[in-house]
Amino acid sequence: MLRYSNDMATAAILQDRQSPWRDELRATMVLAWPLILTNVTMVLINSTDVFLLARLGPDALAASALGTGILFAMMLVGIGIVIAGSPLMAAELGRKSYSVRDIRRTFRQSMWSATVVCIPIWAVLWFTGDFLAWAGQPERLADDTGQFMRAIMWLLWPQLGVVALRSFMAALELPKWTMVAGFAAVVVNAVVNYGLIFGHFGLPRLELVGAGIGSTLTSLFQFLFLAVIAMRHPKFRRYHLFGRWWRADWQRFATIWKLGFPIGLHMGFEAMVFAAAIFLMGYISIEAAAAHAVAIQIASMTFMVPMGLAQAATVRVGLGYGRRDVEAIRRSGWTAYALGVGFMTAMAVLIWAIPGTLAGFFLDPELKGNAEVLRLAVSFLIIAAIFQIVDGAQVVGTGMLRGLQDTTWPMLFAAFGYWVVGLGFGAWLAFYRGYDGVGIWIGLALGLGIVAALVLVRWLWRDRLGLLPKPI
């Protein structure tokens, strides 16, 4: 009987030790799944555009891929600055769960930062076509991309506003409304872009330019949807996010830029390396650029899951950071990491098994010019299957470090991994070793692997590097 009692006591102790991990898994999933689905809606919007523009032919698809790549590369610099509000708000709520004024300060200055960063980016994007022509891109591709950019570039400000509202709702661990807004935006985008690209529903047929206008209108709709929710929902309206938004708060503004600018550069380095890859594909052939657009779209769809887990990790780690709970930081980080890497491993197997089926969803092989695009897309996807795992590892690991408000070193890792190793080695393989587009994708995979390894080492050394708060 005594031995039975001892065994029961031991089992109870083990259960108590394990329950915090179960609780963390549950909390991470509750927070992550709406964020994941919100990210999926972003890809669905872009996938809809790719699907529709592919019906116009490889020229339109290549121009939209090049233009979107450049836009998102620059937009991600702004997104990085704005999402600095997420760890700041999470840490504040970890310290004081009832905090209102500090949360409002951070949100307002996130919106100020969004406005400030938009102006120079718009000025640069307006001359995209001229820059591409100067850089030696084919005349038709440069002209089409320039026209597309002048229609789509205006989505930048409302999209940054969406990011600010999403960071606010995620910090409160109430991200479901961002998911609802995302799915509503998918429907709006599909209807508006279908009408403007092909001239349906009484709208003019604007083809490539219509896709840009439709995407801008969709982003504006999504921002207004979330703004209304923030002002009317009982759990959000007490923060009065948009009240007296014109009041300056230079101290918090500076804090956001200090934390967010490295995040923006990090995200910009990552996006710009993919934009540069599209740029290099344009030198190889229009078919290679179009195939790259399809392959990167498929890879982006799977990437939305670890990206959502990274966002959840930033919030969960940030809450532990605010409470100065070192054990909670450890649990929340490793839980998100295991989920992200595990999912991407499964996706790697799937993409490797059926690359032709996945690419065929976007490309009609009967359409003139698409047979070569499909062949190239399959070859790119085989490489994409390999880098799925390290891509998931690097994004979740970076999200974990952001929860510790550690952003500068991950940015430097990204600069080295993506540009020195990834793009440099990929360009060498493509143009000096004769691997063409496949060489560029091999370089991207290697660069992602380098970043994933460096980020993981920094997380493992977080204590000796002084990244952890001192326990209370």
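The values are calculated or read from the model by the stated rules, or taken from the named source; none is laboratory data. Every value quoted in this text rests on a predicted model; they were computed, and no experiment measured them. Here the Cβ positions follow ideal geometry from the backbone for every residue, glycine too, while neighbour counts run over all protein chains shown.
A few points about this structure:
- Pairs with Cβ under 7 Å, 6+ apart, first in segment 233-249 and within 13 Å of residue 103 (Cα to Cα), second outside any loop (DSSP other than H, G, I, E, B) and among the hydroxyl-bearing types (Ser, Thr, Tyr): none
- Residue 463 acidic (Asp, Glu) and under 30 Å from residue 95 (Cβ atoms): yes
Yes/no matrix, rows are residues, columns are (1) modelled with pLDDT of 90 or more; (2) out of contact with any Asp or Glu (no Cβ under 6 Å at 6 or more places or on another chain); (3) among the small types (Gly, Ala, Ser); (4) under 30 Å from residue 135 (Cα atoms):
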position: 266; (1), (2), (3), (4): no, yes, no, yes
position: 270; (1), (2), (3), (4): no, yes, no, yes
position: 275; (1), (2), (3), (4): no, yes, yes, yes
position: 285; (1), (2), (3), (4): no, yes, yes, yes
position: 300; (1), (2), (3), (4): no, yes, yes, yes
position: 310; (1), (2), (3), (4): yes, yes, yes, no
position: 328; (1), (2), (3), (4): yes, yes, yes, no
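- Residue in segment 66-86 that is within 30 Å of residue 241 (Cα to Cα) and either basic (Lys, Arg) or free of Cβ contacts under 8 Å to residues at least 12 places away in the same chain (or both) present: no
- Residue within segment 215-228 that is touching a Lys or Arg at 6+ places or on another chain (Cβ under 6 Å) and in contact (Cβ under 8 Å) with a residue 12 or more places away in the chain present: no
- Scanning segment 414-441 for residues that are surrounded by fewer than 22 Cβ atoms within 10 Å (Cβ to Cβ), within 18 Å of residue 378 (Cα to Cα) and hydrophobic (A, V, I, L, M, F, W, C) yields a single hit, 438.
- Remark: pairs (first residue in segment 332-346, in contact (Cβ under 8 Å) with a residue 24 or more places away in the chain and at negative phi; second residue in a helix (DSSP H, G or I) and of a type in the set (Lys, Arg); Cβ separation under 9 Å; 6+ apart in sequence or on different chains) = 332/316; 333/316; 335/316; 336/316.
- Scanning segment 233-249 for residues that are in a helix (DSSP H, G or I) and either surrounded by 13 or more Cβ atoms within 10 Å (Cβ to Cβ) or at pLDDT 90 or above (or both) returns a single hit, 239.
- Residues within segment 455-464 that are closer than 25 Å to residue 270 by Cα and out of contact with any Leu (no Cβ under 9 Å at 6 or more places or on another chain), tallied: 3
- In the condition set (1) crowded, with 18+ Cβ neighbours inside 10 Å; (2) aliphatic (A, V, I, L, M); (3) over 24 Å from the mean Cα position of the chain (by Cα), residue 226 is compliant with all but (3).
- Helices (runs of 4 or more DSSP H) contained in segment 357-454 and holding at least 2 residues under 29 Å from residue 311 (Cβ atoms) and in contact (Cβ under 8 Å) with a residue 60 or more places away in the chain: 370-403, 408-414
- All positions within segment 198-224 that are aliphatic (A, V, I, L, M) and modelled with pLDDT under 90: 203, 206, 208, 209, 211
- Out of 351, 389, 382, 450, sole residue that is within 30 Å of residue 171 (Cβ to Cβ) and either of a type outside the set (Lys, Arg) or surrounded by 20 or more Cβ atoms within 10 Å (Cβ to Cβ) (or both): 389
- Of residues in segment 186-218 being small (Gly, Ala, Ser) and surrounded by fewer than 24 Cβ atoms within 10 Å (Cβ to Cβ), the one farthest from the chain's Cα centre (by Cα): 202
- Applying the criterion of being of a type in the set (A, V, I, L, M) and in contact with a helix residue (DSSP H, G or I) (Cβ under 6 Å, 6 or more places away or on another chain) to the residues of segment 447-470, the residue that is nearest to residue 279 (Cα to Cα) is 448.
- Members of segment 284-329 found to be in contact with a Lys or Arg (Cβ under 6 Å, 6 or more places away or on another chain) and polar (S, T, N, Q), listed by number: 314
Yes/no matrix, rows are residues, columns are (1) of a type in the set (Ser, Thr, Tyr); (2) modelled with pLDDT of 85 or more; (3) more than 30 Å from residue 160 (Cα to Cα):
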{"position": "4", "(1), (2), (3)": "yes, no, yes"}
{"position": "7", "(1), (2), (3)": "no, no, yes"}
{"position": "21", "(1), (2), (3)": "no, yes, yes"}
{"position": "29", "(1), (2), (3)": "no, yes, no"}
{"position": "34", "(1), (2), (3)": "no, yes, no"}
{"position": "38", "(1), (2), (3)": "yes, no, no"}
{"position": "44", "(1), (2), (3)": "no, no, no"}
{"position": "50", "(1), (2), (3)": "no, no, no"}
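- Some residue of segment 115-129 being within 30 Å of residue 61 (Cβ to Cβ) and more than 24 Å from the chain's Cα centre (by Cα): yes
- Some residue of segment 96-105 being assigned to a helix (DSSP H, G or I) and among the aromatic types (Phe, Trp, Tyr): no
- The number of residues in segment 250-263 that are crowded, with 18+ Cβ neighbours inside 10 Å and either of a type in the set (Lys, Arg) or more than 21 Å from residue 101 (Cβ to Cβ) (or both) comes to 4.
- The one condition in (1) over 17 Å from residue 451 (Cβ atoms); (2) of a type outside the set (A, V, I, L, M); (3) modelled with pLDDT of 90 or more that residue 369 fails to fulfil: (3)
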